[in-house]
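Working notes for the structure below.
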Amino acid sequence: MIDLRSDTVTKPGEAMRRAMAEAEVGDDVFGDDPTINRLEARAAELLGKEAALFVPSGTMANLVGVLTHTRPGDEIVLGDESHIFNYEVGGAARIGGLQTHPLRNRPDGSLDAGEVAAAVRDDNIHNPVTSLLALENTHNRCGGAAVSIEQMDALTALAREKRMRVHLDGARIFNAQAALVLPAARIARDCDSVSFCLSKGLGCPVGSLLCGPRDYIVEARRNRKMLGGGMRQAGILAAAGLYALEHHIDRMADDHANARRLAEGLRRHDAFVPNDPQTNIVVVEVARGTVGGWLKAFREAGVLAVGFGPARIRMVTHLDVSAADIEDALGRINGAMAAVPA
C-alpha cells in the first residue's frame, strides 16, 4: 500500500529507533528527564520562545495552550475551518468552559481582519471577554495553505490592539517554514504561544510541543498534569523528536514537490479537481463519482486516501513516500479509473 491518508502514518526509521533505544531518561513530572529537557530547550530555540513543554499530542498542546491563556466563560475567536474548532472534540468548551466564535476562513487559511475586529466584544457586563485569537499555519482544511507573513503580522497586530492574546496552532509550522522560506520563529514571532507536532511531517511516532514565555509554560505544565499528560520516562519519545528536529526539517521541501507532482497527475483526469498545493496536502474535489467509490477503487489499487467532506478527498505526502512512490501511486490510480463508472 502507498499510504497517503496523512503524514501521521510515518514509522520511525532505524536511526530514529536507535536514538530512542539509547535515550537517557528520568522522571519528567519531577523535571529530571534530560532528553525531554533538551528537546524542550531546542523547540523553544527554534520557535523563538523562552520555554517549551512536551505533550503527547497536538490536540493536548492546543488545549493546554488555550486553557493557559483564558478563564472559563471567555470567548475565543478562531476560523470555522480550524483544527481546534473541527477536530478536537469541543475540548475548549467542555473542559475549558470557553465559548468559541468561529469566523470564515479565507482560501489562503487566513481570517479577515475586519471580521476579527467586529467579533471582539465590547467591554460590557453582558458579554463574555474576547481574550484569545487562535490561528493555524499551515492550514489543514484550507489545503495545507501556508498563511503569509503579511497576514500573520496583520492579525497579530490587530490582536494586540484589541488586547487579545494569540495562540498559533503550528502543527505543521515547519512545512510553513519551507513554503514561505522564513524561519518558524519569524512566523510565530508575534504569537504569545505556538504548538507544533512531532508526529506529522517530522516523522516521529508520538508527541507535540507547546512553546511560549517561561511563566506561561510553568502554568501550562500544571494544565498538562490536570489533563493526564504528565509522563514519566518519556525521554524515549523525546529522543525521536530531537532526531527529527536535526534531520527531518530541511527535507520537507521534498514532500511539497511530491504533492505538486501528485496534484499534477490527478488533474489529468476529468473526475478530479485538485488544489495547487503549497505544502504537503492535496485536496481533491470529486467532479465525477463519489468519494466513497473513489476511495474504494484507490484502496483496491493499493493507494490509501481519506474523505475530506461530502465531495473532497485528502492525500498527504510525507517522508515515507518517495518521488518514485508518487509516480507508482499515479499509475495505480490510472488503473483504478476503469473501476468507477463515468
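Condition test on I84, is it touching a residue at least 24 places away in the same chain (Cβ under 8 Å), in a helix (DSSP H, G or I) and in contact with a helix residue (DSSP H, G or I) (Cβ under 8 Å, 6 or more places away or on another chain)? Yes, satisfied.
Remark: R71 matches the filter, which requires a residue to be surrounded by fewer than 14 Cβ atoms within 10 Å (Cβ to Cβ), among the basic types (K, R) and more than 20 Å from D153 (Cα to Cα).
Of all residues in the range 36-53, one or more are within 17 Å of G229 (Cα to Cα), crowded, with 19+ Cβ neighbours inside 10 Å, in contact with a strand residue (DSSP E or B) (Cβ under 9 Å, 6 or more places away or on another chain) and not aliphatic (A, V, I, L, M). Filtering the range 5-35 to residues that are more than 23 Å from N223 (Cβ to Cβ), surrounded by 22 or more Cβ atoms within 10 Å (Cβ to Cβ) and of a type outside the set (A, V, I, L, M) leaves D7, T10.
For residues that are in contact with a helix residue (DSSP H, G or I) (Cβ under 7 Å, 6 or more places away or on another chain), of a type in the set (D, E) and under 26 Å from E88 (Cα atoms), tally how many sit in the range 30-72. Residues meeting the conditions: 0.
The set of residues in the range 127-163 that are of a type in the set (S, T, N, Q), closer than 24 Å to P277 by Cβ and assigned to a loop (DSSP other than H, G, I, E, B) comprises N137, T138, N140, S148. Mind listing whichever residues of the range 171-191 are part of a loop (DSSP other than H, G, I, E, B), touching a helix residue (DSSP H, G or I) at 6+ places or on another chain (Cβ under 7 Å) and of a type outside the set (A, V, I, L, M)? Across the range 171-191, the qualifying residues are P183, D190, C191. Kindly establish whether E115 is closer than 30 Å to P274 by Cα, touching a strand residue (DSSP E or B) at 6+ places or on another chain (Cβ under 6 Å) and in a helix (DSSP H, G or I). For E115, the condition - closer than 30 Å to P274 by Cα, touching a strand residue (DSSP E or B) at 6+ places or on another chain (Cβ under 6 Å) and in a helix (DSSP H, G or I) - is met. Could you pull out the residue among I76, I2 that is crowded, with 16+ Cβ neighbours inside 10 Å and under 28 Å from L132 (Cβ atoms)? Just one listed residue meets the conditions, I76. Remark: A92 falls outside the filter, which requires a residue to be assigned to a strand (DSSP E or B), among the small types (G, A, S) and either in the same structural domain as D28 (by TED's automatic domain parsing) or closer than 22 Å to G212 by Cβ (or both). In the range 224-302, counting only helices (runs of 4 or more DSSP H) that sit wholly within it, the ones holding 2 or more residues that are over 20 Å from D7 (Cα atoms), in contact (Cβ under 8 Å) with a residue 60 or more places away in the chain and assigned by TED's automatic domain parsing to the domain that holds E40 span 235-247.
The values are calculated or read from the model by the stated rules, or taken from the named source; none is laboratory data. Only a predicted model underlies this, so the values are computations on that prediction, with no experimental measurement involved. Note that we place each Cβ from the backbone using ideal geometry, even for glycine, and neighbour counts take in every protein chain shown.
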